[in-house]
Amino acid sequence: MTTELADNVRKYRRRAGMSQEELAHVAAVSPGTVRKVEQGGTVRMETLHALARALGVTTGALMASDAPEPVGRAEEPNRVNLIQLRAVLTPAVGLVDQDAEVVGEEPNLRAFRRTVGDARVLYFSDSYKSVASQLPDLLRDAAKAVAYYDTGDEHQQALLARAEALRLAGTYLTQVRQYDIAYTALAGAITDARRAGDMLAAGSGVGGMCWLLVRQGRLDEAELIAAQSMDAVEPKITGAESDHYAVWGGLAMEAAAAAARNNRPDSAKEYRKAARVAAAAVGTSHRNVSRHWSVFGPVTAAMASRARETGSLRRHSKTMPKVTSSLRLWQARIVAVLPRCTWIELFARSVRTAWLDMLTLRGSMRSWCLIAMVSPVSTLAPAVSIRS
């Protein structure tokens, strides 16, 4: 850990008038853990969350910037294993423009998207080596398709196909902790989807970006972009499809996860309410992995909310500026168009669809990751290990 982190923990502890033993008691950690942190030792991120809650500050307030530690001479395995993928995502730039790759025969977008779908299946089955070997060629083929179809509907479809490939690359790279090129891939996926005019696909990419930011400890930014993106893809009162509700609700869960980890329980509660409203509008589990990489429905939203309610989280004053959002207004509007559906009835609907949702959830672990991030409950520890 950094010396500034140690100094911050000590500063906030003294400001709160606590001894190391008192802070340890409130945070439910050992006194030795507090001493270790204040001496610059290494602890788990969950421990920092607990200390921040006990001190009444955000986790980000403890994680002040400091000069990076020098890296060792040992070769990091992924540095060699991912050279080809790095070359595709971050090509070398010099003073002479590189010749554009010649595009030969017309690309088959339908076949390409099937190939991306197959690679996605490999990712969800933890076949990371196979995914890594396929990604460079997939991204090259996607770039060729975008170059070949430079106008019209085909160009939009090519952009969306590349967005899918980039989203897969970004998700995989986040999973293996290659955050620098993961950011490049996810930013490209969001940009391509927006250029194609598909804001829902772009919103899905934002969900991946939020996960990356949370894993980097950039909790304020993760919550901010999730909330802003919710406003951008806000469903209409009537005519919105399940995909729309699912993407919007998924972003609400991302915002809740970031806020909860940053010890902002009131904001996290509001986002979870929004997710439950969207889930009620969906009605049953909705799955479209190619668009939003998750299963979203009443059970996933209810489980995240219930898990949080059963956890212990100390209330504290807000230390972040309030994020402007249309959460409360949207909740009121959607409830207004469902006059016969009380919240109890919505919960009952969730219970009736529980078994269907649970069966569907087996195919995607992303939602379980979000539930684990929103809740510190020990029974969800296996879910944390999946995306730790």
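The values are calculated or read from the model by the stated rules, or taken from the named source; none is laboratory data. Model, not experiment: these values are computed from the prediction. Cβ atoms come from the backbone with ideal geometry, glycine included; neighbour counts cover every protein chain shown.
A few comments on the model shown:
- Residue list for the stretch 20-59, restricted to those being assigned to a loop (DSSP other than H, G, I, E, B), among the small types (Gly, Ala, Ser) and closer than 19 Å to Asp266 by Cα: Gly56
- One residue alone among Ile190, Ile181, Ile225 is assigned by TED's automatic domain parsing to the domain that holds Val131, farther than 21 Å from Gln134 by Cβ and of a type in the set (A, V, I, L, M, F, W, C), and that residue is Ile190.
- Which listed residue is touching a residue at least 60 places away in the same chain (Cβ under 8 Å), under 27 Å from Val176 (Cα atoms) and surrounded by 10 or more Cβ atoms within 10 Å (Cβ to Cβ), from Arg120, Arg114, Arg140: Arg120
- Any chance Asp243 is more than 16 Å from His49 (Cα to Cα) and either of a type in the set (Val, Ile, Thr) or surrounded by fewer than 18 Cβ atoms within 10 Å (Cβ to Cβ) (or both): no
- Yes/no for Arg167 being within 19 Å of His244 (Cα to Cα), part of a helix (DSSP H, G or I) and of a type in the set (Lys, Arg): yes
- Boolean, Ala169 is farther than 22 Å from Leu109 by Cα, outside the structural domain of Arg261 (by TED's automatic domain parsing), among the hydrophobic types (A, V, I, L, M, F, W, C) and at pLDDT 95 or above: no
Yes or no, residue by residue, for (1) within 23 Å of the chain's Cα centre (by Cα); (2) closer than 24 Å to Met199 by Cα:
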residue	(1), (2)
Asp126	yes, no
Gln134	no, no
Asp141	no, yes
Val146	no, yes
Gly152	no, yes
Ala158	no, yes
Ala163	yes, yes
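- Scanning the stretch 218-230 for residues that are surrounded by fewer than 24 Cβ atoms within 10 Å (Cβ to Cβ) and at pLDDT below 95, we see that the one that is nearest to Tyr271 (Cα to Cα) is Asp220.
- For Gln216: the one exception among (1) free of Cβ contacts under 8 Å to residues at least 60 places away in the same chain; (2) touching a Leu at 6+ places or on another chain (Cβ under 9 Å); (3) under 30 Å from Leu48 (Cβ atoms): (2)
- Criterion (touching an Asp or Glu at 6+ places or on another chain (Cβ under 6 Å) and modelled with pLDDT under 90) met by exactly one of Ala64, Ala74, Ala163: Ala64
- Counting residues in the stretch 187-200 that are of a type outside the set (A, V, I, L, M) and surrounded by 24 or more Cβ atoms within 10 Å (Cβ to Cβ) gives one or more.
- Candidates in the stretch 143-177 are the residues that are among the polar types (S, T, N, Q) and buried (at least 23 other Cβ atoms within 10 Å of the Cβ); of these, the one that is farthest from Ala119 (Cα to Cα) is Thr174.
- Odd one out for Asp141, checked against (1) out of contact with any Pro (no Cβ under 8 Å at 6 or more places or on another chain); (2) assigned to a helix (DSSP H, G or I); (3) not hydrophobic (A, V, I, L, M, F, W, C): (1)
- Of the residues making up the stretch 176-208, those that are over 27 Å from Asp153 (Cα atoms) and part of a helix (DSSP H, G or I) are Tyr179, Asp180, Ile181, Ala182, Tyr183.
- Within the stretch 123-137, the only residue that satisfies the criterion of being surrounded by fewer than 12 Cβ atoms within 10 Å (Cβ to Cβ) and not in a helix (DSSP H, G or I) is Ser125.
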